[in-house]
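All of the numbers you see were taken from the coordinates with simple rules; none came from a lab. Here the structure is a predicted model, which is why all the values come from computation and not from measurement. So basically every Cβ, Gly included, is an ideal-geometry build from the backbone, and we count neighbours across all protein chains shown.
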Amino acid sequence: MSRVRTILARTPDADDTLRRLADVIQVPSTCRRRRCRNQGRCQGGYGPPCYFEGRKRFADAVLEDMHQHREFWIAQRTSFEALLRR
């Protein structure tokens, strides 16, 4: 595996990104999982489960700024790839 691919492989996947977003918008406080509620942080898993149960809450949290979020992360990834190729 190339150095670029190795480093990019460490970037968060969709489930990890949703787990982090769940923490930001404070979903764990109402999650059905006791571990999430007790820890006050999303414990992850496929989905994570709170995403499947409350997609609208996630969507509302990013709906207005999604275009800017996409542009930012596309630019970040492109920049990282360019830096790592040097």
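Label zone (Leu21, point 7 Å along Cα-to-C-beta; backbone nitrogen cut-off 11 Å) within region 32-65: 48, 51-52, 55-65. For region 3-85, the gyration tensor built on C-alpha atoms gives an oblate shape. Its axis ratio a/c (a ≥ b ≥ c) is at least 1.5, and a/b is not larger than b/c. Normalised by the number of residues in region 3-85, the average gap of Cα pairs under 8 Å and 6 or more apart makes the relative contact order 29 percent. Spin-label pair Arg5-Glu64: with each label point 7 Å from Cα along the Cα-Cβ axis, the two points sit 4.2 nm from one another.
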